[in-house]
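Engineer: Below is the structure I would like to discuss, written out as structure tokens.
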Amino acid sequence: MNLILLEPDEIQADGSALLTGPRARHVREVLRASPGEEIRVGVVDGPLGTATVVEDSRELRLRCALGAVIPPVPRVDLLLAMPRPKVMNRLWPVLAALGVGRILVSNAWKTERNYFDTHVLEPEHVREGLIEGLQQARDTRLPQVSVHKQFKKLVEDKLDGFGPYAARLVAHPGEGAFPSEKLAALPREARVLLAVGPEGGWTPFELELLAAHGFESVSWGPRALRTDTACAVLLGLVHAALR
């Protein structure tokens, strides 16, 4: 952890907070913070700051000093065709660490229907993975997650409600160059939606449907990547261009 994230209701009126469980063990055993030392903290969807370790006996208490500025919501949203559950499980902290504002987990023609029965989509499990990624990246903005079992309905009826988006990109091996210059020219507050398909790829129908709703096909090259690798590469390219 590069940041200890606190829930808003964990901070008392006097600015103190009591840590237990894995976070307390991390402060004691990894950071080895003694009473009087400062560590980096943040509040979920709130500001960053520091905290002084007040006592470390049977319980670990912090005295927090939080800043006034809340980190901005990342400018990229992700439409992700549901991968194998074990891949999705690995992706939660990765996506939060890379920086996404919203994650739309969707069905696709090459997605197995039983993937949606997995526990890795349960809200408590999702939140735990996202918090892990935020603590790695020193961010506080928790991505919003929604699950959509009807791909066509999502694209045709719901996407506009999540925008507006200045650019919509659909990743497909070998399809089009990556539009770094176009993204770099967008206004500073403009948002981007990136669609990443299943490991078997989007079908021609899905690509045509996305194109009809403003998606531009992009690629980093001809190689077909695994979902977790593709998300890391493509989100990295989008963020680099937006900066």
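The values are calculated or read from the model by the stated rules, or taken from the named source; none is laboratory data. For clarity, every value in this text was computed on a predicted model and none was experimentally measured. Please note: Cβ atoms are built from the backbone with ideal geometry, for glycine as well, and neighbour counts cover all protein chains shown. SASA here: full protein model, heavy atoms, side chains in, ligands and nucleic acids out. Shrake-Rupley method; radii C 1.70, N 1.55, O 1.52, S 1.80 Å.
Engineer: Go through (1) touching a Gly at 6+ places or on another chain (Cβ under 8 Å); (2) surrounded by 15 or more Cβ atoms within 10 Å (Cβ to Cβ); (3) at pLDDT below 90 one by one and return the number of the condition Gly201 breaks.
Structural biologist: Single failed check for Gly201: (1).
Engineer: Take Lys158 and tell me if it is open to solvent by 20 Å² or more (accessible area, probe 1.4 Å) and in contact with a Leu (Cβ under 9 Å, 6 or more places away or on another chain).
Structural biologist: yes
Engineer: Condition first: surrounded by 12 or more Cβ atoms within 10 Å (Cβ to Cβ) and either touching a His at 6+ places or on another chain (Cβ under 7 Å) or hydroxyl-bearing (Ser, Thr, Tyr) (or both). Now tell me which residues in the stretch 16-73 satisfy that.
Structural biologist: Ser16, Thr50, Thr52
Engineer: Sort out for me the strands (runs of 3 or more DSSP E) sitting completely within the stretch 18-68 that have 2 or more residues that are under 24 Å from the mean Cα position of the chain (by Cα).
Structural biologist: Result: 38-43, 48-56.
Engineer: Which residues, taken from the stretch 78-106, are assigned to a helix (DSSP H, G or I) and either open to solvent by less than 10 Å² (accessible area, probe 1.4 Å) or among the hydrophobic types (A, V, I, L, M, F, W, C) (or both)?
Structural biologist: Those that are assigned to a helix (DSSP H, G or I) and either open to solvent by less than 10 Å² (accessible area, probe 1.4 Å) or among the hydrophobic types (A, V, I, L, M, F, W, C) (or both): Val87, Met88, Leu91, Trp92, Val94, Leu95, Ala96, Ala97, Leu98.
Engineer: Just name the residue that is nearest to Val41 (Cα to Cα) out of those in the stretch 107-120 that are free of Cβ contacts under 8 Å to residues at least 60 places away in the same chain and surrounded by fewer than 18 Cβ atoms within 10 Å (Cβ to Cβ).
Structural biologist: Step by step, filter the stretch 107-120, then rank; the result is His119.
Engineer: I need a count of the residues in the stretch 148-170 that are of a type in the set (A, V, I, L, M, F, W, C) and within 19 Å of the chain's Cα centre (by Cα).
Structural biologist: Selection size over the stretch 148-170: 5.
Engineer: If a residue has to be under 17 Å from Leu183 (Cβ atoms) and open to solvent by less than 40 Å² (accessible area, probe 1.4 Å) to count, how many in the stretch 205-230 make the cut?
Structural biologist: 3
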